[in-house]
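Asker: A single structure is presented below for examination.
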Amino acid sequence: MIYIFWPNTLTKLRAQDCVVIGLCCGQSDLLVLLLASLEVSNKISQPYRNIGVLKTNGEFECHLDTDDYSVVMFRPPNLNLMQFYSLKPISLILPDRDTSQLFESKSKHMAGFRERGGPPSSFRDSLNEINLYHRKLEHFYRVHEELRLKSEKISSSRSRLRNWLRNLGTSRLISILHYLVIYFTVTLHFIASGVSSLLNKGPVPLVNVSVTAQQMDLRCQQVCYLPIQFLRIYGRKSATTSPPLRPLETNSSRTFLCEMYPDYIRFYNTLWLVVNDICFGLIIGALLRDNRFKISAAVSRSLEEFLYKKVRFMTVFLGDNPFGIKLNGELAKFLSELFQWIIDFSHETYISTIIRYPSVEFMVDVISGICSLFGANFALSLIADLVSLLSMHISLFYFISARIYNWQLNLMLTLFYLFCGKKRNVLRKRVDGNMFQLDQLLMGTLFFTVNVFLLPTVAIFYAFFTLLRIVILTLEVTLESTMAMLNHFPLFALLLRLKDPRRIPGGIYFHQLGNDGRMFRLENKSLSLRSMFKPFSALMSYTTNTYISSTTLARCIVGLPILVQRRRMYQTLYFSLPTRPETPRDLWNLLKTTLP
Amino acid sequence: MSRRLGMENRENHWERLLWLKQDYPDNYSDPAFLKELSEFHQQQLLPHSPSSYNSIVRDFLLFYHRVLNASSIYVIFSLIYYYDYNPLQIAIGTSLLGTLGLVTSRYRFVRLKSSLIIVFTLLNLSPLLKSLSRTTSSDSIWTLSCWLTAFYVLSIALETTNIISTNLLVCNAAVLASRLKTTTEVFCFLLICIEINILLPKLERYFFSKELYAYYAVLFLGDHIVLYSFVAMSLGVPYMLSLALFSLVFITVLPRYFMRWQRLYYRGGALLSKWDAKVPIFN
């Protein structure tokens, strides 16, 4: 079976019969280049060939040896507009970040191709040729100058103008500017990579602790990567990290032709998000500045209320038989006083200073300034850090009560084994029967009874502080999710999909025309929303696993702390950044090659 | 053909073990199984001898005695809680008697170190136990104690080892102790409970196993005198008499019913448990 790929620009019927001139593509397929008058057919030379004749009544008379062929109509993609066909969905995730296999598009219309049993690479080659349709045509006209139509001559003169402009680039002024830009870029890259490695250094890197540090790290990595992306898209010689682009004219090119297009999308997505972020920042900063007195008063009042007064009130309340539940008076009083003491201490030492009206006003000022300068994300990250700093005493309560509760549960489990005359065998990891001495039994049982009666008291303190902790965690997670959205939303890709879906291909499919199974139309499938939001859905599922899952509930019930590995969590969103940034020296070497 | 030859020549008896590779077909049924089954049916139809009745009465008597011992917790508790007896005197009295009993039997149930540890633990924990469930209402405590006693009786009826019964008893005593007024009372109450319910049964079992029935009878009578006099004192003589009658019925009449039930309705026992399907034990 031979496929004849027919551009849909050549379907209009002419006044007289036309010769169909084509070119071999792939292994055995044919690409129709143009229709010409009958007398032209003996003028053309190899590798172009006469495929057949298109009659005036729309009938196609094939001049091939075989009769086993199908015609596939396609819309020639305009490479200058970055349109192309692709067998696989293009990846918005960098290859070294992509851990899962991208789904293959297998439409039912592909069945014909699978039946043929040809290697998929041959079809990929055909697709490459289709993508290059306009260049092939240009090449044909260059060989057969006399066949060129008027309109196409104009476009060639336009390209001459472009060449002239390109030559202008070699002038001295431009080259000085070029040097200046390169020095500036390398210096910026040096600073940014330094800051980034500083933030990631140490046994407990700052990025794991602070959201602000994480945000700074993200921006630094973006600054480091942008010049490399830029070079990959616009550089005359390609960057080392990607395989070099072959000249588009080579017929045997087996590399994916439109390699730099995903880079283009990622590059502009990043730029757009940064600009967006700063726009948001300007708006929010202005709003904050205008209403700072009202905002600071409200924030100061509510922080005092919720971080100190309410918590203290609840702690006192728990110490005094809350809700009519009869707790052990002595233990409840002890725990209540312990926590009250910590509340008072932390309030005296730092919280009261921070949440006083003047300092809150100062902070609102600072945040609005940072907002306008560096974008809304910096302000959000500062707020998130402030929240975790101010709620430190609550986290402390949570960890203390969780520890006590967990210890007590473990102790009770062991004593319960003793109660049943059993003992944990650590060597075989099972529970065996054991003969205990009378004194062991008596002591164990007495302690068990004591613990049973003390458990409700500990549990109610633990439950209360867990609840508080969950409220604060929810606040932090909301802030961080907003930041993740602002930092990594695939805005550019989404808008491209709206504007021109052919620029972000997500595979192809064949549409059958007519009933005889010899006419198809090649259609572009645009990238699905799901694959665009894949990193986000990964983050969502990770967040749900961390916060709202049965394992988390089980951990809560037995008093194990809820652990959040923030670094691992947001790592999924760094999909458009390489795992290891380039060194300034690499960048310098790379930039040097672009010098005239 | 070859299998049949193998069956004739084999020397090993069939064993009911899955992991053993045996030269028998899968659907093989041992002749011993059918023989034992018919013997079991024959045995069930036979009238039971008076000797088996006596042994059942003895078992009932022992159980009755344990329950009586267990209820002595409540006797002690009521004496301290309602009748304001001096717990110290009772504790010293029972301790002396206990020591005497230990010396008479020349049997070291409890080593000196253990008893010291127990006493000091009790001393340490008495204030804690006193305040442990102070805020819990008395009704809850009585209910809890009642359930613990029920489980205790169940455990002495079912359990061969006495670990769980001992633990349940100590638990019950600790729960009740929180109702007492002073630390001394708590300490004495726990000590008395442990002596009466843990040391005394051991001593009794020792006498019983050594066939020192005279000593055993003394202890048995002593128990009865204390308990029945307490019932007479607190509830009145009619209650005491009805309790005695009930006990008598329990010891003499109930074994007859038990035998009848065993003969007519009981399914199980040694034979069936030997041939019944079993769950494999791993590890």
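The values are calculated or read from the model by the stated rules, or taken from the named source; none is laboratory data. The structure presented is a predicted model; accordingly, all values stated were derived computationally and were not measured. When we count neighbours, we look across all protein chains shown, and the Cβ atoms used for this are built from the backbone with ideal geometry, even at glycine. Just the protein is used for accessible areas: all its heavy atoms, side chains included, with ligands, DNA and RNA removed. Shrake-Rupley method; radii C 1.70, N 1.55, O 1.52, S 1.80 Å.
Asker: Among the residues of the range B:59-66, is any in a helix (DSSP H, G or I), touching a residue at least 12 places away in the same chain (Cβ under 8 Å), away from every other protein chain (no Cβ under 14 Å) and open to solvent by less than 30 Å² (accessible area, probe 1.4 Å)?
Answerer: yes
Asker: Which residue is farthest from the other protein chains (Cβ to nearest Cβ), if the candidates are limited to the range A:454-467 and must be crowded, with 21+ Cβ neighbours inside 10 Å and of a type in the set (Phe, Trp, Tyr)?
Answerer: A:PHE465
Asker: From the list A:ILE342, A:ILE354, pick out the single residue that is over 30 Å from B:SER178 (Cβ atoms), touching a His at 6+ places or on another chain (Cβ under 8 Å) and β-branched (Val, Ile, Thr). Reasoning before the result, please.
Answerer: Working: A:ILE354 fails: touching a His at 6+ places or on another chain (Cβ under 8 Å).
Going through A:ILE342, A:ILE354 in turn, just one is over 30 Å from B:SER178 (Cβ atoms), touching a His at 6+ places or on another chain (Cβ under 8 Å) and β-branched (Val, Ile, Thr): A:ILE342.
Asker: Continuing with this model, one more query. Residue check: is B:THR166 over 16 Å from B:ILE76 (Cα atoms), without any contact (Cβ under 8 Å) to a residue 40 or more places away in the chain, in contact with a Leu (Cβ under 7 Å, 6 or more places away or on another chain) and surrounded by fewer than 22 Cβ atoms within 10 Å (Cβ to Cβ)?
Answerer: no
Asker: For the range A:25-49, enumerate the residues that are within 22 Å of A:LYS12 (Cβ to Cβ) and in contact (Cβ under 8 Å) with a residue 60 or more places away in the chain. I'd like the intermediate steps shown before the answer.
Answerer: So in the range A:25-49, the residues within 22 Å of A:LYS12 (Cβ to Cβ) come out as A:30-41, A:44, A:48.
Across the range A:25-49, the qualifying residues are A:LEU31, A:LEU33, A:LEU34, A:ALA36, A:VAL40, A:ILE44, A:TYR48.
Asker: Hey, any hits in the range B:193-200 for a residue that's within 11 Å of chain A (Cβ to nearest Cβ) and over 22 Å from A:GLN440 (Cα atoms)?
Answerer: No, the range B:193-200 contains no residue that is within 11 Å of chain A (Cβ to nearest Cβ) and over 22 Å from A:GLN440 (Cα atoms).
Asker: Consider B:TYR83 against the criteria (1) away from chain A (no Cβ under 14 Å); (2) assigned to a helix (DSSP H, G or I); (3) without any contact (Cβ under 8 Å) to a residue 40 or more places away in the chain: it satisfies all of them except one. Which criterion is unmet?
Answerer: Going through (1) away from chain A (no Cβ under 14 Å); (2) assigned to a helix (DSSP H, G or I); (3) without any contact (Cβ under 8 Å) to a residue 40 or more places away in the chain one by one, B:TYR83 breaks only (2).
Asker: Separate question: If you take the residues in the range B:145-183 that are within 20 Å of B:PRO201 (Cβ to Cβ) and more than 18 Å from the chain's Cα centre (by Cα), which one is nearest to the other protein chains (Cβ to nearest Cβ)?
Answerer: Residue satisfying both the conditions and the ranking: B:ALA174.
Asker: Can you give me the ranges of the helices (runs of 4 or more DSSP H) entirely in the range A:346-429 with at least 1 residues that are open to solvent by 80 Å² or more (accessible area, probe 1.4 Å), at pLDDT below 90 and touching a Gly at 6+ places or on another chain (Cβ under 9 Å)? Give the derivation first.
Answerer: Details: elements: A:352-355, A:357-374, A:376-390, A:392-419.
Filter on the range A:346-429 gives A:357-374.
Asker: Quick one: would you say B:GLU204 is surrounded by fewer than 18 Cβ atoms within 10 Å (Cβ to Cβ), more than 11 Å from chain A (Cβ to nearest Cβ) and among the charged types (D, E, K, R)? Talk me through it step by step, then tell me what you get.
Answerer: Details: surrounded by fewer than 18 Cβ atoms within 10 Å (Cβ to Cβ): no; more than 11 Å from chain A (Cβ to nearest Cβ): yes; among the charged types (D, E, K, R): yes.
No; evaluated as a whole, the condition is false for this residue.
Asker: Can you find even one residue in the range A:424-437 that is more than 12 Å from chain B (Cβ to nearest Cβ) and among the charged types (D, E, K, R)? Talk me through it step by step, then tell me what you get.
Answerer: Taking the range A:424-437 and keeping what is more than 12 Å from chain B (Cβ to nearest Cβ), we get A:424, A:426-427.
Subsequent filtering for residues that are among the charged types (D, E, K, R) retains A:424.
Yes, the range A:424-437 contains at least one residue that is more than 12 Å from chain B (Cβ to nearest Cβ) and among the charged types (D, E, K, R).
Asker: Please work out if B:LEU102 is modelled with pLDDT under 80, over 28 Å from B:VAL249 (Cα atoms) and surrounded by 10 or more Cβ atoms within 10 Å (Cβ to Cβ). Steps first, answer last, please.
Answerer: Values: modelled with pLDDT under 80: yes; over 28 Å from B:VAL249 (Cα atoms): yes; surrounded by 10 or more Cβ atoms within 10 Å (Cβ to Cβ): yes.
Yes: the conditions hold for B:LEU102.
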